[in-house]
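The values are calculated or read from the model by the stated rules, or taken from the named source; none is laboratory data. Predicted, not measured: the structure shown is a model, and the values here were computed from it. Here the Cβ is made from the backbone with ideal geometry for all residues, glycine too, and neighbour counts use every protein chain on show. Note: accessible area is taken over every heavy atom of the protein model, side chains too, but ligands, DNA and RNA are not part of it. Shrake-Rupley method; radii C 1.70, N 1.55, O 1.52, S 1.80 Å.
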Amino acid sequence: ANVAMHQANLASGGYAIYAGGQEQEHMRRLALMGDLHRAVREHELRLFCQPKVDIASRRVCGAEALVRWQHPQHGSVRTAEFIQLAEEAGTITPLTNWMLEAAFSQIYAWHEAGLDWPLAINLSGHDLYDPRLTERIRGLFATWGIAPELIQFELTESALMANPAAGLETLIHLKQLGVKLFIDDYGTGYSSLSYLQKLPVDGVKIDQSFVMPMVVNGNSATIVSSTIELGHNLGLTVVAEGVESAAIWHRLVALKCDVAQGYLISMPMPAAQCQAWNSTWSQNGLAPA
Ligand code: C2E
Ligand code: MG
Ligand code: MG
Ligand code: MG
């Protein structure tokens, strides 16, 4: 394995560069998987946060926790790529545990500093079928003394649909802890909202692939508006992700969408920058269109 890793490094000149050729790509991915274990152990992961804003009041209503990997030799590795690798390799559990620890200690630090943002943590499909997950989270609540209202979880549609029965059981246990649950990337799977609302969830996040083009593409606009309407009829909070422009924001206001998240409001940032960002936002809010 070491030889393969070495060759992959030489061949690709680093993980960030795609060397071309299936074999080289395969070796690059193998090497990256090996390094991921070390990344968790050796503190190469970082907690970034992206604020979410309540559209009606324009107040911050929380943030999403997003992991970043700063590789010592190869710089930052794309998050979607290493998450997918970890899921495929069955090694997502240590990463999830790292993220849970990071999120709870960050919320504690914010609270001490007078900032009480609910933080949403992404769970993967494997986590849903991890029988120890709920107990671990219960332990973190006990250790950090954090109010359940300050923790949310985001689960993708595809994760939930992979094994609906096991998924439902975990959701029920998580809800018993008093946290809020959101369905992530809504619209990219093939499940109906009427099925999903049978699950004990509080809201849906409309995937950015529908939100970003909604002001230029009629079909996307229809999907967004009908999801908001149906979501509201089912008593769910509706979040739009990928809010990149003022034009999108204004359409979401008109459609009475509940919450917005995206580059228009803020890029994801290191958790330590959130307090400063929050004071600026409370003073200036959204820049006028
Ligand atoms: P996600 O949960 O749907 O997170 C939203 C993604 O959209 C983030 O990408 C965020 O940086 C990006 N984004 C936010 N606003 C905008 C915008 O206005 N325009 C565009 N183009 N993109 C925007 P990121 O951070 O690269 O994460 C990618 C995915 O990786 C996440 O998608 C989530 O599925 C997964 N992920 C991230 N952190 C974790 C984690 O700690 N655990 C697990 N299991 N998955 C994670
Ligand atoms: Mg998410
Ligand atoms: Mg999402
Ligand atoms: Mg997404």
- Note on the structure: For the range 106-140, listing trypsin sites (Lys or Arg not before Pro) in a DSSP loop whose Cβ sees at most 14 other Cβ atoms within 10 Å gives 132
- Task: Give me the percent of the accessible area of the range 221-289 that comes from carbon and sulfur atoms, probe 1.4 Å, all protein chains in place.
- Result: 55 percent
- Calculate, in nm to one decimal, what residue 89 and residue 30 gain on full extension: separation in residues at 0.36 nm each, minus their alpha carbon distance. 20.3 nm
- Given the peptides 190-198, 166-174, 252-260, 38-46, arrange them by the average over their residues of other C-beta atoms within 10 Å, most packed first. 252-260, 166-174, 38-46, 190-198
- With the charge dipole of the chain built from beta-carbon charges (+1 for Lys and Arg, -1 for Asp and Glu) about the Cα centre, the Cα from 123, 109, 84 projecting farthest to the positive end belongs to 109
- Dipole magnitude of the chain, debye to nearest 20 (Cβ charges: Lys/Arg +1, Asp/Glu -1, about Cα centre): 320 debye
- Would you mind counting up the charge near residue 68? Only other residues with Cβ under 14 Å from its Cβ, with Lys and Arg at +1 and Asp and Glu at -1. -1
- Counting only DSSP beta bridges fully inside the chain, the antiparallel percentage to nearest 5 is 40 percent
- the range 136-215 and the range 38-64: distance between their alpha carbon centers, rounded to Å: 16 Å
- Using a cut-off of under 17 Å, list every residue of the range 212-242 whose amide N is near the label point 7 Å from the Cα of residue 256 along the Cα-to-beta-carbon line. 224-240
- Query: Could you give me the ³J(HN,Hα) list for the range 203-211, computed from phi with Karplus coefficients 6.51, -1.76, 1.60 and θ = phi - 60°, whole Hz, x at Gly and Pro?
  - Reply: x, 10, 10, 6, 4, 4, 5, 9, 6
- Query: Quick one: ranking 175, 180 by accessible area, 1.4 Å probe, largest first, what do you get?
  - Reply: 180, 175
- Task: Please report, in debye to the nearest 20, how large the charge dipole of the range 86-184 is about its Cα centre when each Lys and Arg carries +1 at its beta carbon and each Asp and Glu carries -1 there.
- Result: 280 debye
- Message: Students often forget the sequence filter, so: which lysines lie under 21 Å Cα-Cα from residue 198 once same-chain residues fewer than 8 apart are removed?
- Response: 175, 180
- In nm, what is the difference between 0.36 nm times the number of residues separating residue 277 and residue 111 and their Cα-Cα distance? 58.2 nm
- Can you tell me the accessible area per residue over the chain, all protein chains present, probe 1.4 angstrom, in square angstrom? 48 Å²
